[in-house]
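Structure, as structure tokens:
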Amino acid sequence: MPRLHVLHVVEAFGAGTFSAIAQICRTTEDTIRHSIAHSIRSETPDNPGELLPKSVQLHHLELCREIAPTKDFSGLRTLIALFKELRPDVIHAHSTKAGVLARIAAWRCNIPVVYTPHGYAFLREDISTTKRSIYWAIEWIAGKLGTVTAACGNTEAIYAQRFGPTEVVCNGIDLTAFPPLHPKAKPSLTNESPPLVRAGICGRIAPQRNPKLFKQLARMTRDTTQWVWIGDGDDLYNLPEENIQITGWLKHQEAVKHLGALDIYVHTSLWEGLPFSIMEAMALERPVVASNIIGNNELVVHGKTGFLANTLEEFAHHVNRLAADSALREELGKAGRQRIAQLYDSGITTRAYSALYRKTCKRI
């Protein structure tokens, strides 16, 4: 079977999107040659090549997140030139901006495309209704270019099917990289005595993660819980409180160490695709309290692997309940790891993408 060349195109080259691409590259490098055309964000690793297989070729792009006609036209011309130079067998476009420009460029160059939204932009809660409608229209138009959408979860697929051919390829993780830690063996990352229950979130401090609610929740539970934000952001959104620690950007292994040091993982996002941070917390046997939105409610089974919340009061209730009951934390944590093993193991993702690339490619 011939070895395919897949070129990934991504503007949001950091956090969960980076994790998804890195995993695809690592787990399929024996049969697929990968290249990545990417922009730089604040959350992009300092040396991304060190976290990828040595065979992966990187190509820098100048793309911006928001709609900017002049920059977008320049980015489109750059992509067309790059596609003509590399002539990959398949383009894999990731997230909205790169997804739109790469699909147009690939259509011009007659190269098949797989598109993964990683959370549709029209689901954003930090923009106006008009802007969300524009993003919806853009996705509808781009969906007419003959591409297939690889939805990262079943709930994302519900939307994707409205725009064109869709397959579900759920995000997955390698469980061997996330050995569960017994609560008594958790590393201590704070100096409180006696130790408080630790709760936290992992990701970029940005409107998507709802830092306002996170801060309110930390304030409501200050007597029982020490809070940690594993990550950083361009704007801290007045986040610092007495009982909130902000780690700054960390290498993945260090971030996982901080995840393992939590008693409860709390995910306050306003919109999502299928978040890796929740999967990683569940793999580490941490109970999850998450906002009841697309993506989160696909991973978290309410009352079995954690809890889903719709309001600040519900978040506080579930956090306080878990903080007071170590046996419940352990029970939900073990169930969470089992769910990841059954449905979101990286081996499942690897086989699905390998098959999809070959089916999409014109060279079978």
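Throughout, read-outs are computed from the coordinates displayed, never taken from laboratory work. Quantities reported herein were computed from a predicted structural model and do not represent experimental measurements. Cβ coordinates were reconstructed from backbone atoms using ideal geometry, including for glycine residues, and neighbour counts include every protein chain displayed.
For N154 and L250 in the same chain, what is the full-extension length gain: residue separation times 0.36 nm, less their Cα-Cα distance, in nm?
31.5 nm
Let me make sure I get this right: for region 50-119, a, b and c are the square roots of the gyration tensor eigenvalues over alpha carbons, sorted descending. Under 1.5 in a/c it's rounded, otherwise prolate if a/b > b/c, else oblate. Which is it?
Rounded, since a/c falls under 1.5.
Can you tell me the 0 to 90 degree angle between the C-alpha axis of helix 326-343 and the longest principal axis of the chain, rounded to 10?
20 degrees
Considering the values (1) 29, 25, 19; (2) 36, 21, 19; (3) 42, 23, 19, which represents semi-axes √(5λ) of the Cα gyration tensor in Å as calculated for the structure under consideration?
Only one option fits the structure, namely (2).
Rounded to whole Å, give me the distance from the Cα center of region 335-364 to that of region 256-314.
About 22 Å separates the Cα centre of region 335-364 from the one of region 256-314.
Pop the C-beta distance of R321 and T176 into the FRET formula with R0 = 35 Å and round what comes out to the nearest 0.05.
Rounded to the nearest 0.05, the efficiency is 0.65.
Pairs of Cα atoms under 8 Å, at least six residues apart: use those to get the relative contact order of the chain, whole percent.
Once normalised by length, the contact order is 15 percent.
Which one of M282, G16, I348 is farthest out on the positive end of the charge dipole of the chain, using unit charges on Cβ (Lys, Arg +1; Asp, Glu -1) and the Cα centre as origin?
I348
If you take the square roots of the eigenvalues of the alpha-carbon gyration tensor of region 214-303 and sort them as a ≥ b ≥ c, do you get rounded (a/c under 1.5), prolate (a/b over b/c) or oblate?
Rounded, because the longest to shortest axis ratio a/c is under 1.5.
Angle check, please: helix 96-109 long axis (alpha carbons) against the longest principal axis of the chain (alpha carbons), in degrees 0 to 90, nearest 10.
Taking the Cα atoms of the chain, the angle to 96-109 is about 20 degrees.
Once you charge only the Cβ atoms, +1 for Lys and Arg and -1 for Asp and Glu, what is the size of the charge dipole of region 200-317 about its Cα centre, to the nearest 20 debye?
Here region 200-317 has a charge dipole of around 40 debye.
Name the longest site-free stretch of the chain, where the excluded sites are GluC sites (Glu not before Pro) in a DSSP loop with no more than 13 other beta-carbon atoms within 10 Å.
Longest run free of exposed loop sites: 243-364.
Rounded, prolate or oblate: which fits region 16-161, taking a ≥ b ≥ c as square roots of the Cα gyration tensor eigenvalues, rounded meaning a/c under 1.5, else prolate when a/b beats b/c?
Verdict is rounded for region 16-161.
Tilt of helix 211-220 relative to the longest C-alpha principal axis of the chain, in degrees (0 to 90, nearest 10)?
10 degrees
Could you tell me the relative contact order of region 10-69? Use alpha-carbon pairs under 8 Å, at least six residues apart, and round to a whole percent.
For region 10-69, the relative contact order is 43 percent.
Considering only T305, T147, T176, give the residue with the highest GNM mean-square fluctuation for the chain, with springs between Cα atoms whenever their separation is below 10 Å.
T176
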